[in-house]
Amino acid sequence: MAGRRVNVNVGVLGHIDSGKTALARALSTTASTAAFDKQPQSRERGITLDLGFSCFSVPLPARLRAALPASPAASGADPESGEPQLQVTLVDCPGHASLIRTIIGGAQIIDLMMLVIDVTKGMQTQSAECLVIGQIACQKLIVVLNKTDLLADGKRQAVIDKMTKKMQKTLENTKFRGAPIIPVAAKPGGPEAPETEAPQGISELIEVVKKVKSMQMFHMPVTSAMQGDRLGICVTQFDPKLLERGLVCAPESLHTVHAAIISVEKIPYFRAPLQTKAKFHITVGHETVMGRLMFFSPAPDSFDHEPVLDSFDFSREYLFQEQYLEKDLAPVGTDSDETDKKTGQAAEGRCPRQQWALVEFEKPVTCPRLCLVIGSRLDADIHANMCRLAFHGVLLHGLEDKDYAESFLPRLKVYKLKHKHGLVERVMDDHSVIGRSLFKKETNIQLFVGLKVNLSTGELGVIDSAFGQSGKFKIHIPGGLSPESKKMLTPTLRKRGRAGRGEAAKPEEGAERPEPAQHVAVSLSFKRYVFDTHKRMVQSP
């Protein structure tokens, strides 16, 4: 490490009016031009509309100093004492539900999250969404119980203790179990109170922040900058209105993609199923666009394979899914005459350890490989008590060619399993039977000639040709019918006038052919690859 100042980005997230900006102001010693709702629109509406940045510094904890260079004169140290510093950059995120795109973008640049809770109200809708975002985007959490000054003096500690227990229970089943919970009053008396009112609990909160282990480094003073730094640049004779929010990157590190293959993990608080062909708001970095998804999983015999989180194997085959597989659902990707629409359920109740989706964006996005992807339903009612965050994942492979459907997708070997069922109508000879009810009358049976079928009596057959014009077909039995199968398929004829002489009567002209003594089923199974332009039917050897 070349400097003596360690920087950590701390996100300040929570429900609207929980006091996030007041907390950032109480903690900070230095503000940027984007801090504390300085934008005219934010002041006019009285809410945070965009990310705000400010910072404070404290002495670097002893356990982190070993990584610093020995020279006390190195840049970034406290100019008076020469002591190395821990600089905490606060990223103040909006709390309004309609600004969740900005919140998600802010969460992706933080090392630690402070979840601000109004102690008088507890967890609210956006508090819960921010907690979900935190589980996806960062590893460390501090819960701040704000507005403790609004509690009655005699009951204050009891209310704080009760809310602390509630928050501990809320975090019990998350990766933030055991996170610090700190009570504060960032702006005693409320927004209109005089500035002479000192914040309460801030020193205790700073002591907790100093314990952070996950952090990003950069040199101070800044002659260079790195990912995660908050950097101001002075450019002369430049109109800032001409500049839009964008990305600063090294050459070849970003790519503009029209579609992508991503790993997918559903957010359990999202109540609706994740359906193939459904559209979601897809957030990549600070950009949110609409995207249509197609879900797929490993082949069933690979459900238990170890997840691979940093690459995608195009040499493997994958099973198409009508929807993301969940544990309470039977496999999907299979079509049959009876259960066609019940796909999405895993074999024997099993679920794959990893699932993927092809995302097709409505407009191109520019992003690095292996970046975080979050799918949401931002068109949902913001006042409804529901989580709008649907899934998250990692972008494993971006498709840069706008004609990717023709140039690239045929490489993606995603298949549907097709199952068809019919009956044997009658025997022709020891090696041939006639089948029915497997195809519709208008089906071109010639396309299925040569495919293997299984008889419920155990014989393996091959579709030989069409038989007539009604959808019937001839099956060749290479190994021949067993005597037991022939007996089952021998029809029972009705006796007529010569019955007394022991002769079976022939069926009347135009009468239906007698049924076999026992029905024998015919089943046909094959794969059809979703992106195969020839729509070929493939069977395993």
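The values are calculated or read from the model by the stated rules, or taken from the named source; none is laboratory data. Quantities reported herein were computed from a predicted structural model and do not represent experimental measurements. Quick reminder, even Gly has a Cβ in these numbers, built from the backbone with ideal geometry, and neighbours come from all protein chains shown.
Go through segment 416-470 and give me each residue that's of a type in the set (A, V, I, L, M) and more than 30 Å from TYR318 (Cβ to Cβ).
Listed by number, the residues that qualify are LEU423, VAL424, VAL427, MET428, VAL433, ILE434, LEU455, ALA466.
Checking the structure you have, find out if any residue of segment 359-378 is farther than 27 Å from PHE320 by Cα, modelled with pLDDT under 95 and not aromatic (Phe, Trp, Tyr).
Within segment 359-378, one or more residues are farther than 27 Å from PHE320 by Cα, modelled with pLDDT under 95 and not aromatic (Phe, Trp, Tyr).
So, ASP301, is that one at negative phi, without any contact (Cβ under 8 Å) to a residue 40 or more places away in the chain and part of a loop (DSSP other than H, G, I, E, B) or not?
For ASP301, the condition - at negative phi, without any contact (Cβ under 8 Å) to a residue 40 or more places away in the chain and part of a loop (DSSP other than H, G, I, E, B) - is not met.
Please name all residue pairs, on different chains or six or more residues apart, with Cβ atoms under 6 Å, provided the first residue is in segment 90-110 and is among the polar types (S, T, N, Q) and the second residue is surrounded by fewer than 23 Cβ atoms within 10 Å (Cβ to Cβ) and in a helix (DSSP H, G or I).
GLN108/ALA137
Please find, within segment 235-270, the residue that is farthest from ALA405 (Cα to Cα) out of those that are at pLDDT below 90 and of a type in the set (Lys, Arg).
LYS241
For segment 355-472, which fully contained strands (runs of 3 or more DSSP E) count at least 3 residues that are farther than 20 Å from VAL284 by Cα?
Counting at least 3 such residues, we get 414-429, 432-436, 452-455, 460-466.
Among the residues in segment 19-38, are any charged (D, E, K, R) and modelled with pLDDT under 80?
yes
Please specify each residue of segment 272-287 satisfying the condition of being at pLDDT below 90 and not in a strand (DSSP E or B).
Selection gives GLY285, HIS286.
Among the residues of segment 1-18, what is the count of those that are in a strand (DSSP E or B), modelled with pLDDT of 85 or more and at negative phi?
Number of matching residues: 6.
Scan segment 530-541 for residues that are out of contact with any helix residue (DSSP H, G or I) (no Cβ under 6 Å at 6 or more places or on another chain) and modelled with pLDDT of 95 or more and jot them down.
Of everything in segment 530-541, just one residue is out of contact with any helix residue (DSSP H, G or I) (no Cβ under 6 Å at 6 or more places or on another chain) and modelled with pLDDT of 95 or more, namely VAL530.
Looking only at segment 356-389, filter to residues that are of a type in the set (Gly, Ala, Ser) and buried (at least 23 other Cβ atoms within 10 Å of the Cβ); which one of those is farthest from LEU412 (Cα to Cα)?
Looking at the filtered set, the residue picked out is SER376.
Restricting segment 178-205 to residues that are modelled with pLDDT of 75 or more and loosely packed, with under 12 Cβ neighbours inside 10 Å, which is farthest from GLY134 (Cα to Cα)?
The residue in question is SER203.
Which pairs turn up if I take residues in segment 358-369 that are under 20 Å from PHE531 (Cβ atoms) and in contact (Cβ under 8 Å) with a residue 12 or more places away in the chain and look for partners that are in a strand (DSSP E or B) and charged (D, E, K, R) with beta carbon separation below 6 Å, at least 6 apart in sequence or on another chain?
So the pair list comes out as GLU360/ARG292.
Can you confirm whether LYS147 is touching an Asp or Glu at 6+ places or on another chain (Cβ under 7 Å) and either at pLDDT 90 or above or not polar (S, T, N, Q) (or both)?
So LYS147 passes the test.
When you scan segment 473-488, how many residues do you find that are crowded, with 19+ Cβ neighbours inside 10 Å and basic (Lys, Arg)?
Residues that pass the stated criteria total 1.
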